[in-house]
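Worksheet for the structure shown next.
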Amino acid sequence: QRSKKQRGRYVPRCTNTYRKLLFKDLSKNMVEKVLKQMRKLDWTDQKVKLYAMKCLSSVWNIKFGNIHCMANLVAGLVSYYDNVGIYVVDGVLEDIRAGMEINHPKFNQRRVSMVKFLGELYNYKMVESTVIFRVLYSFIRVGVSLDANNPTPFDPPDHLFRIRLVCTLLDTCGHFFDRGNSKKRLDCFLIYFQQYYFFKKSLPVFDPEARPFPLDCDNAVMDTVECLRPKLKFYADIEEANQAVADLKRDCLQKLSEKVPPEQLAAFQQQMNQSNDTTG
Amino acid sequence: TVTVKQQKDAPMLKVVIRCLPPTLTEEEFLKLVEPLTGHDFFNFFNADSSLGQYACSRAYINFLKQSDVVNFRDKWDGFPFKDTNGKEYPAVVELAPYQKIPKRSNRKPDPR
C-alpha cells in the first residue's frame, strides 16, 4: 500500500500506462479490464481526475471503430463516479461547438470523432435525445447563412463538412429515433436538413460541368436518409425544400395558436422570423 | 419525487461561460465574478492545449433561480476578460446544451 504522498507522485509516472490503456489497448474485449484499471486511479486527487477526464474525451486518439468502447467505458465509470459522465459530455459538446467556430481543416478528423463519440454516448444512455437534436440543428444553423449572396466564414459556400457531421451523427444513433417524440423530431429535422442540403447544392460554386456537387457527399446523405426513413421522398430542388419548411412552420404556428394566448404567439412568431434572418 | 415530465419542463438553469482566456485560473475567475451566489454547482475547465492558439477556458454554473441566470448573463456576457498579456477575450455566456449536474449523493466510495 502506497502512502498518500507517494500516490500524489504516482500520476506523472503512470501517465503513459493510462495513455496506452486508453488509446492503444482499448478494444471490445478490453473494456472490462481497462475499466478495472481506471477505477484504481485516485479520483479524489483533483489533478488526476482532470487529467483522466481529459483523456476520456480525447477520442480522436483512438481508432474510429473503437469509439463505442470509450463510450462504454465512460458509461461504466459513471456507476462509480457520476460526475465523470457530466464532465465528459460537457467537454464533448464544447469541442463540437469550438470546432464549428474554428473551422480549420486540421481538426476535421477530430470533429468527426467527437460527433461519433456523442452519438455513442447517446447509445449508452449518457445523454438524452434533446441534446442530440440540439447538436443536429446547430450543425445546420450556427454560423450558417441561407442567403447565397451573404456567406459566412464559418460555413463558406464550398464547405460541405457540416453535412458530413450530420450524417455521422445520424448514422451513429439515428436508428433509435423510430418511435414517439423522437421520431417526430427526426422527421422535422430531416425537412430542415434537406433544405440545407439543397441550398448547398444550388450554390453557384457547384457548376454541373466545371465542378459538379461531390458525389461522395450526395451518396453519404442518400445512404443516411435511406437507412433511417426508407420511404422518405427527397425534394426535387431548393424551392420545394423551402416550401416544405415554410409549410412546417405554418402548421406549427397554427397548432400553437390553438393553445397559446395571442400576445405570446406574436412574440414567438417574431422570434421565428429572426432566427430565419440571422446568421448566428 | 420528480417525474420525467417535470424534469423535462424544468427551466434551464445551467450556464456555460465560454471563450475565457486560456491563462485564467479557477481562483482568478471566482475572484472576478464575486460575489457568486444562488448556485449549487460550479465547475471550471482549463484550456485544452491540443487546440493550440484556439484554446480557451470555460466554466459552468448551475443557478437555482431563473432571475439569477438572466442577471448573470446581463452582467458578464461579452465582458472582456484579460489574459496575462493583456489580450482581451470577450466572454460568451450561454445556457449549457447539457443541463445535468452531478447528484449530491452520499454513496459509499468505490471499493475498487
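For segment A:99-116, what are the residues that are farther than 18 Å from residue A:156 by Cβ, under 13 Å from the mean Cα position of the chain (by Cα) and not hydroxyl-bearing (Ser, Thr, Tyr)?
Of everything in segment A:99-116, those that are farther than 18 Å from residue A:156 by Cβ, under 13 Å from the mean Cα position of the chain (by Cα) and not hydroxyl-bearing (Ser, Thr, Tyr) turn out to be A:110, A:112, A:114, A:115, A:116.
The number of residues in segment B:1-26 being at pLDDT 90 or above and exposed (fewer than 11 other Cβ atoms within 10 Å of the Cβ) comes to 0.
The C-beta contact set for segment B:55-67 (first residue within 17 Å of residue A:86 (Cα to Cα) and more than 14 Å from chain A (Cβ to nearest Cβ), second residue of a type in the set (Val, Ile, Thr) and part of a strand (DSSP E or B), distance under 8 angstrom, 6+ apart or interchain) comprises B:63/B:15.
In this structure, does residue A:180 turn out to be at positive phi and either in contact (Cβ under 8 Å) with a residue 24 or more places away in the chain or surrounded by fewer than 22 Cβ atoms within 10 Å (Cβ to Cβ) (or both)? Before the answer, list the steps.
Details: at positive phi: yes; either in contact (Cβ under 8 Å) with a residue 24 or more places away in the chain or surrounded by fewer than 22 Cβ atoms within 10 Å (Cβ to Cβ) (or both): yes.
When the stated conditions are applied, residue A:180 passes them.
Does residue B:79 count as of a type outside the set (S, T, N, Q), surrounded by 11 or more Cβ atoms within 10 Å (Cβ to Cβ), free of Cβ contacts under 8 Å to residues at least 24 places away in the same chain and more than 10 Å from chain A (Cβ to nearest Cβ)? So residue B:79 fits the description; yes.
The single residue among B:88, B:26, B:94 that is of a type in the set (D, E, K, R) and either away from every other protein chain (no Cβ under 13 Å) or in contact with a helix residue (DSSP H, G or I) (Cβ under 7 Å, 6 or more places away or on another chain) (or both) turns out to be B:88.
Against the list (1) closer than 20 Å to residue A:57 by Cβ; (2) part of a helix (DSSP H, G or I); (3) within 14 Å of the chain's Cα centre (by Cα), the condition residue B:51 fails is (3).
Right, residue B:74: surrounded by 16 or more Cβ atoms within 10 Å (Cβ to Cβ), away from every other protein chain (no Cβ under 14 Å) and more than 30 Å from residue A:36 (Cα to Cα) or not? Answer is no for this residue. Taken together, A:49, A:106, A:63 contain a single residue that is surrounded by fewer than 20 Cβ atoms within 10 Å (Cβ to Cβ), under 30 Å from residue A:141 (Cα atoms) and within 12 Å of chain B (Cβ to nearest Cβ), which is A:106. Of the residues in segment B:70-91, at least one is in a strand (DSSP E or B), of a type in the set (Phe, Trp, Tyr), in contact with a Pro (Cβ under 9 Å, 6 or more places away or on another chain) and closer than 26 Å to residue A:50 by Cβ. Taking the condition exposed (fewer than 14 other Cβ atoms within 10 Å of the Cβ), within 14 Å of chain A (Cβ to nearest Cβ) and at negative phi, does residue B:111 pass? Yes; evaluated as a whole, the condition is true for this residue. Scanning segment A:130-183 for residues that are under 23 Å from residue A:211 (Cα atoms) and small (Gly, Ala, Ser) gives A:145, A:148.
The values are calculated or read from the model by the stated rules, or taken from the named source; none is laboratory data. Values in this document were obtained by computation on a predicted structure and should not be read as measured data. Reconstructed Cβ throughout: ideal geometry from the backbone, glycine too, with neighbour counts over all protein chains shown.
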